[in-house]
2 protein chains.
Amino acid sequence: MSFTRLQKLINEKNCRIVVGLDPRPNMLRVGETLFSWGKRIIDAVAEIVPAVKPQAAFYEAAGIAGITALSETVQYAKQRGLYVIMDAKRGDIGSTAEAYAEAYLGIGELGCDCVTVNPYLGSDGIKPFLVQAESNDGALFALVKTSNPSSGELQDVITDSGKPVYIRTASMLGALDASGERIGFVVGATYPEQLAELRAMFPKSFFLVPGYGAQGGTAASVAAAFSADGSLAIVNSSRGIITADDPRAAAVAARDDINSVICK
Amino acid sequence: MSFTRLQKLINEKNCRIVVGLDPRPNMLRVGETLFSWGKRIIDAVAEIVPAVKPQAAFYEAAGIAGITALSETVQYAKQRGLYVIMDAKRGDIGSTAEAYAEAYLGIGELGCDCVTVNPYLGSDGIKPFLVQAESNDGALFALVKTSNPSSGELQDVITDSGKPVYIRTASMLGALDASGERIGFVVGATYPEQLAELRAMFPKSFFLVPGYGAQGGTAASVAAAFSADGSLAIVNSSRGIITADDPRAAAVAARDDINSVICK
């Protein structure tokens, strides 16, 4: 679904948190399967948050049973009314990218409202996802400035225009979707200056902000991701919620923490 | 497996072609499944080529049944003695990258000899694959200069050092694996000047060269990928072989075409 629906859910719940479903093997309780783990988390947070973000890697690591659980988890989250972002960071070209777009934005077993993609291949790697998103009211988030310590090795390299690579990436994406309705940016909470810079340069683009919590990002450091009215961004929280004894209470706390820095 | 085993298979068969297993739905013959399609191709080429490269996207687009077929295809190719490169272009960080590395370089249902990865996130996104590769005698190919028309939008941007981004990428990768034993580069046949430049700068690195055939690359344009003795590169051919009436004959023709430009 386009970001219009995501923003509507955010507004209804007054919550700017997406729960990252990252089932590392040591997180499963005794007797839990990958699916029942996800169902427990989804049931705990479904009334609080607008969205969940399954991390494909942890399901792929479990092979065929893992993909089955991923599909069940996606379907269950949709059934509970949540916006589902597949964190797959796919990136390929032509008919290969079309196949990925069909897999994660189509109507099949793994079809979601939104998918994350990698921009290294240029617009050839983005357009097929945009085409699929337009045909199916979907959306995508492309990596722009990621939250990890080494993200600057390529993303911060200054180019001959005087701007870093991540600005070139954002400009390439912005040129494909000037409305900002279907292509959002992944920008890490761990780089608040870059968040503010990108927010100012791309006032219509939706941001997915990882790095809050375990990676060191705070509510203060993500504040710059939002537009003046507190919209156009969603902050990922994974470990802080999914490893909590009471994930619902942890989601409420994260929601309130982020809302405390939003001007409404 | 490290590139040592791949080079050994290349030498034994005197063939520098990897067959890309890209099962677009319209390629399957009446009655064929994703697996029986792959088995037919593998049976046809197994005595000719050293390696196959399943494209994960086409299997993921078929959901759970597709992943099951992918696993069966990987296992069958290994059983036939082929080196298997999973073309997944994964890219993530930390424990997420570890999960992808476990999925595609581990001992599970989707475990292969080698996997393709995306470098946009910097060395945080590469190291977990290298660690897994070292523990399991595996290898990886990272995207450096891709074969598609828009690859230059980010990869060719000139940086403040005077070098394009793809050289920064290659240098980042080279710093992680100076021996070139486990981290290879993806460099497109459609950019022969860049192939020659990278070959000269990174004389020990193994290259995976897409773009030969349908995308316009010729034997002459891939010649620069090889070291002076005709080693250290493998050329992907997909459509030219997998859609041929006689895939074995097409593999022989591709083998001979590439060998004709190698100085031995």
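The values are calculated or read from the model by the stated rules, or taken from the named source; none is laboratory data. Predicted model only: the values in this text are computed from it and were never measured. Reconstructed Cβ throughout: ideal geometry from the backbone, glycine too, with neighbour counts over all protein chains shown.
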A:ALA139 being out of contact with any His (no Cβ under 9 Å at 6 or more places or on another chain), facing chain B (nearest Cβ under 10 Å), closer than 30 Å to B:GLN215 by Cα and crowded, with 24+ Cβ neighbours inside 10 Å: no
Complete set of residues in the stretch A:10-51 that are over 12 Å from A:ILE241 (Cβ atoms) and small (Gly, Ala, Ser): A:GLY31, A:SER36, A:GLY38, A:ALA46, A:ALA51
Among the candidates B:ALA142, B:ALA101, residue that is touching a residue at least 40 places away in the same chain (Cβ under 8 Å) and outside any loop (DSSP other than H, G, I, E, B): B:ALA142
Residue match in the stretch A:197-218 (condition: closer than 22 Å to A:LYS39 by Cα and in contact with a helix residue (DSSP H, G or I) (Cβ under 8 Å, 6 or more places away or on another chain)): no
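Tell me whether the stretch A:74-96 contains one or more residues that are in a helix (DSSP H, G or I), among the hydrophobic types (A, V, I, L, M, F, W, C) and touching a Phe, Trp or Tyr at 6+ places or on another chain (Cβ under 7 Å). Show your work before the answer.
Start the filter on the stretch A:74-96 by keeping residues that are in a helix (DSSP H, G or I), which leaves A:74-79, A:94-96.
If we keep only those that are among the hydrophobic types (A, V, I, L, M, F, W, C) as well, we get A:74, A:77.
Add one more test, that the residue is touching a Phe, Trp or Tyr at 6+ places or on another chain (Cβ under 7 Å), and what stays is none.
No, there is no match, as no residue in the stretch A:74-96 is in a helix (DSSP H, G or I), among the hydrophobic types (A, V, I, L, M, F, W, C) and touching a Phe, Trp or Tyr at 6+ places or on another chain (Cβ under 7 Å).
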Candidate set from the stretch B:157-188 (those that are in a loop (DSSP other than H, G, I, E, B) and within 9 Å of another protein chain (Cβ to nearest Cβ)); member that is surrounded by the fewest Cβ atoms within 10 Å (Cβ to Cβ): B:GLY162
Test: residue in the stretch A:83-99 that is surrounded by 24 or more Cβ atoms within 10 Å (Cβ to Cβ), closer than 23 Å to B:GLN55 by Cβ, acidic (Asp, Glu) and at pLDDT 95 or above: yes
Qualifying residue in the stretch B:15-25 (condition: at pLDDT 95 or above and part of a helix (DSSP H, G or I)): no
Residue list for the stretch B:39-64, restricted to those being within 12 Å of chain A (Cβ to nearest Cβ) and part of a strand (DSSP E or B): B:LYS53, B:PRO54, B:GLN55
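Being assigned to a helix (DSSP H, G or I), surrounded by 24 or more Cβ atoms within 10 Å (Cβ to Cβ) and in contact with a helix residue (DSSP H, G or I) (Cβ under 9 Å, 6 or more places away or on another chain) is the requirement here; does B:ALA133 meet it? So that I can check it myself, show each step before the final result.
Numbers: assigned to a helix (DSSP H, G or I): yes; surrounded by 24 or more Cβ atoms within 10 Å (Cβ to Cβ): no; in contact with a helix residue (DSSP H, G or I) (Cβ under 9 Å, 6 or more places away or on another chain): yes.
No.
Give the residue, chosen from A:LEU70, A:LEU121, that is in a helix (DSSP H, G or I) and touching a residue at least 24 places away in the same chain (Cβ under 8 Å). It would help to see each step written out before you state the result.
Details: A:LEU121 fails: in a helix (DSSP H, G or I).
Within the list A:LEU70, A:LEU121, the selection yields A:LEU70.
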Subset tally (residues that are away from chain A (no Cβ under 14 Å) and either modelled with pLDDT under 95 or surrounded by 24 or more Cβ atoms within 10 Å (Cβ to Cβ) (or both)) for the stretch B:65-82: 1
Every residue from the stretch B:83-114 that is more than 11 Å from every other protein chain (Cβ to nearest Cβ) and either more than 20 Å from B:PHE185 (Cα to Cα) or β-branched (Val, Ile, Thr) (or both): B:VAL84, B:ILE85
Selected residue (only one of B:PHE202, B:PHE226 is within 17 Å of the chain's Cα centre (by Cα) and more than 10 Å from chain A (Cβ to nearest Cβ)): B:PHE226
Failed criterion for B:ALA228 (all others in (1) buried (at least 18 other Cβ atoms within 10 Å of the Cβ); (2) assigned to a loop (DSSP other than H, G, I, E, B) hold): (1)
